[in-house]
Amino acid sequence: MIELDYNDQSQLIQLLTPLPVLLNPDGRVSVLEAALLQKLIPLMHLSGPSVVVIPLMIRELRVYGRVTYEHEALGRFLNTMKNYVGVTEQEFLDKLILKYKLMTPSMHVPLAIDWMLSTQDVSEKIIGENTLRPIAFLARGLEVSRAVVYIEVTTGEKSWSGTGFLIAPDILMTNHHVLPDASLLQSVTFRFNYQHTFQGQEELTEDYSVSDQPDYIANSELDYAVVRLASNPGNKWGYLPLSTQVPPKGSRVNIVQHPNGLPKQISIQNNFVKFANTTKLQYVTSTMPGSSGSPVFNNKWEVVALHRAGGLLSEEENGPLYYRNEGATIQAIIQTLPQNVVKVISDLN
């Protein structure tokens, strides 16, 4: 446990308490995540006024101690807070980090910069929301993307494409309007790994078909269809974790998709939730026809919604229209699925 002397702790509390990023629980969580202290979040008191919470946070970080051989939890936190303060305050935080041997502090800019004619001390900063992510964020994104599949439907002279994803080794979810009728299933191709390498070369794909007993389940109101595939493709390509937690307005979502029937693509990070209730999620992001049936991920790479539409949409019936995309929440979908399917999903998640 780290023991700070009275003056150092008092100055630290005085510095941190009024900072905008620490005024609410979401901001406090974002700082802890940026400091790679996610595992401490459930152990800490993060709700309440700053004058109460900030001293508690400092105490809890002091008491927790080391997160690695070289890093104290408090050191990571103070080092991260340097992104939100001026040069003078950075120097104070560096002094604490070095004095109490909390970790090796990151480099800061020792001189004020005349940036956009500002008179404030400016260093490297987190501008707005912190969008920094561990590099493993990309690795996990690639991992879950394997379970996203291109769907091609051919019936008579008509054909169309969409996107789907595995929620179990042999169970696929997509939109009802992509697979509107069980009679079509024998003419559907489910193509995995339909994507390009970084150099633009086509990767080897693998096609699957429906099972002899496809167990087609559909809901036109929520616009979903669930079908069973042959040969358990999820054993090779994986399947996606589902979350019944509805992301709040202002949070970010990520969508893996086959837009316009093209090889797999991703719309990542610059995608904000604009409206959310228990049944639908509306967000600004990049999708195209063919993206229908795509998984909408939160930043934990859990599926929180099934993408289904885009255009001028209203939040409530007869309300004003907004140019957005929309998906049905996993929460609502789970509540309408048969219990045997829900049990399979629950056992896997």
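The values are calculated or read from the model by the stated rules, or taken from the named source; none is laboratory data. Worth saying up front: this structure is predicted, and the values here are computed from it rather than measured. We place every Cβ from the backbone using ideal geometry, glycine too, and count neighbours over all the protein chains shown.
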Margin query: Please determine whether any residue of segment 286-304 is farther than 13 Å from residue 223 by Cα, basic (Lys, Arg) and surrounded by fewer than 18 Cβ atoms within 10 Å (Cβ to Cβ).
Written below: yes
Margin query: So if I check each of 339, 335, which one is under 14 Å from residue 221 (Cα atoms) and without any contact (Cβ under 8 Å) to a residue 24 or more places away in the chain?
Written below: 335
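Mind counting the residues in segment 1-52 that are touching a strand residue (DSSP E or B) at 6+ places or on another chain (Cβ under 9 Å) and more than 18 Å from residue 68 (Cβ to Cβ)? Outline the logic, then answer.
First, the residues of segment 1-52 that are touching a strand residue (DSSP E or B) at 6+ places or on another chain (Cβ under 9 Å): 2.
The next check asks that each one be more than 18 Å from residue 68 (Cβ to Cβ); those that pass are none.
Looking only at that region, the number is 0.
Having 3 or more residues that are closer than 30 Å to residue 251 by Cα and at pLDDT 95 or above is the bar; report the helices (runs of 4 or more DSSP H) wholly within segment 26-120 that clear it.
Numbers: elements: 50-64, 73-81, 87-99.
Hits in segment 26-120: 50-64.
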Notebook entry, point to check: Which one of these is surrounded by fewer than 18 Cβ atoms within 10 Å (Cβ to Cβ) and out of contact with any Phe, Trp or Tyr (no Cβ under 8 Å at 6 or more places or on another chain): 209, 187?
Noted result: 187
Next item on the list: Return yes when residue 191 is over 24 Å from the mean Cα position of the chain (by Cα), under 27 Å from residue 299 (Cα atoms) and of a type in the set (D, E, K, R) and no when it is not.
Entry: yes
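Taking segment 191-215 on its own, how many of its residues are under 13 Å from residue 226 (Cα atoms) and touching an Asp or Glu at 6+ places or on another chain (Cβ under 7 Å)?
First, the residues of segment 191-215 that are under 13 Å from residue 226 (Cα atoms): 210-211, 213-215.
Keeping just the survivors that are touching an Asp or Glu at 6+ places or on another chain (Cβ under 7 Å) gives 211.
Within segment 191-215, residues that are under 13 Å from residue 226 (Cα atoms) and touching an Asp or Glu at 6+ places or on another chain (Cβ under 7 Å) number 1.
Go through 211, 231 for me and flag whichever is of a type in the set (Ser, Thr, Tyr) and on the phi > 0 side of the Ramachandran plot. Even if it seems obvious, please write down each step before you answer.
Values: 211 fails: on the phi > 0 side of the Ramachandran plot.
It is 231.
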Check: What is the residue count in segment 50-99 for residues that are touching a residue at least 60 places away in the same chain (Cβ under 8 Å), surrounded by fewer than 19 Cβ atoms within 10 Å (Cβ to Cβ) and among the β-branched types (Val, Ile, Thr)?
Finding: 1
Check: Can you find even one residue in segment 279-295 that is among the hydroxyl-bearing types (Ser, Thr, Tyr), under 28 Å from residue 185 (Cβ atoms) and part of a strand (DSSP E or B)?
Finding: no
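Taking the stated definitions as given, is residue 204 surrounded by 16 or more Cβ atoms within 10 Å (Cβ to Cβ), in the same structural domain as residue 163 (by TED's automatic domain parsing) and either among the polar types (S, T, N, Q) or part of a loop (DSSP other than H, G, I, E, B) (or both)?
Against the criterion (surrounded by 16 or more Cβ atoms within 10 Å (Cβ to Cβ), in the same structural domain as residue 163 (by TED's automatic domain parsing) and either among the polar types (S, T, N, Q) or part of a loop (DSSP other than H, G, I, E, B) (or both)), residue 204 does not qualify.
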